[in-house]
Ligand SMILES: [Zn+2]
């Protein structure tokens, strides 16, 4: 069995067990006063419809602004029980196909975009063809300058290269979506911020805010750390740069007392069926997945 199929088999089996034991119901009850920020990337319209159909029946879908205002005011009176926020990272071109569903369910998700990749034919470095998952994991651990040098040498990739096809949303699509979607910055080129030097880090965070505000003609107040990686330095730059919040990919729920610059998240599989969705809302499969990956990384490196 191929590794991906095996991993999927394990995740689906764990999900069946979680649902059989009624854990989703228990977790939903225990966490009813906390807010889950769900994180998608390039989810298909078909899967997104199924998820929203389930979520809208069992949860209250609120905006990121509502959650962040509640945290800053230390007052969750505007935040209903069992609330979730929908966020989508990177600004993949396929996101435009979600617009009819977003309208149908009358939600306002946040899409965090890489501001020097949207509206161009540039590639996301992690979506260059023929890069294995293992190689990408190695690249995420290199200093930024070494990662770029490796990509240049092995694939002739440079962040500003333009290609035939388009991987990200363009401005026409974003304008079409703006009434129903809150676009916010996710750096310019999606580096791993703690691996950048101070100048690169500031440019990626503050430059992306300026890029997006100029492109869309609106103020941008929310940030998300690429790959969920951050250190005290990134938090300081985000705070002093005028952002009101930053989302990590630390797994968990948010309360009144959560720091607005360490928002926790529930990463969702873009291909999760209903059983997996219910299991992933407990965060158990994701925690097991990260634990297994970290052990495999230690064994093989
Ligand atoms: Zn990202």
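How many residues are under 26 Å from residue 141 (Cβ atoms), in a loop (DSSP other than H, G, I, E, B) and more than 16 Å from the ligand (Cβ to nearest atom) if we restrict to the range 214-240?
The number of residues fulfilling the criteria is 1.
Checking the structure you have, find out if any residue of the range 31-51 is without any contact (Cβ under 8 Å) to a residue 40 or more places away in the chain, away from the ligand (no atom under 16 Å from the Cβ) and either in the same structural domain as residue 256 (by TED's automatic domain parsing) or in contact with a strand residue (DSSP E or B) (Cβ under 7 Å, 6 or more places away or on another chain) (or both).
Yes, some residue in the range 31-51 is without any contact (Cβ under 8 Å) to a residue 40 or more places away in the chain, away from the ligand (no atom under 16 Å from the Cβ) and either in the same structural domain as residue 256 (by TED's automatic domain parsing) or in contact with a strand residue (DSSP E or B) (Cβ under 7 Å, 6 or more places away or on another chain) (or both).
Just checking, does the range 74-94 include any residue being assigned to a helix (DSSP H, G or I) and either outside the structural domain of residue 50 (by TED's automatic domain parsing) or under 21 Å from residue 44 (Cβ atoms) (or both)?
Yes.
Take residue 148 and tell me if it is modelled with pLDDT of 95 or more, more than 30 Å from residue 66 (Cα to Cα) and not in a loop (DSSP other than H, G, I, E, B).
On the way: modelled with pLDDT of 95 or more: yes; more than 30 Å from residue 66 (Cα to Cα): yes; not in a loop (DSSP other than H, G, I, E, B): yes.
It is true that residue 148 is modelled with pLDDT of 95 or more, more than 30 Å from residue 66 (Cα to Cα) and not in a loop (DSSP other than H, G, I, E, B).
Each row is one residue, and each column tells you yes or no for (1) under 19 Å from residue 211 (Cα atoms); (2) surrounded by 13 or more Cβ atoms within 10 Å (Cβ to Cβ); (3) touching a helix residue (DSSP H, G or I) at 6+ places or on another chain (Cβ under 8 Å); (4) not assigned by TED's automatic domain parsing to the domain that holds residue 293.
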residue	(1), (2), (3), (4)
117	yes, yes, no, yes
128	no, yes, yes, yes
132	no, no, no, yes
137	no, yes, yes, yes
150	no, yes, yes, yes
154	no, yes, no, yes
157	no, yes, yes, yes
160	yes, no, no, yes
173	yes, yes, yes, yes
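Scanning the range 110-169 for residues that are without any contact (Cβ under 8 Å) to a residue 40 or more places away in the chain and within 16 Å of the ligand (Cβ to nearest atom), which turns out nearest to residue 205 (Cα to Cα)?
Residue satisfying both the conditions and the ranking: 139.
The values are calculated or read from the model by the stated rules, or taken from the named source; none is laboratory data. Note that the coordinates shown come from a computational prediction; the quantities given were computed from them, not determined experimentally. A quick note on method: Cβ atoms are made from the backbone with ideal geometry, for glycine too, and the neighbour counts reach across all protein chains shown.
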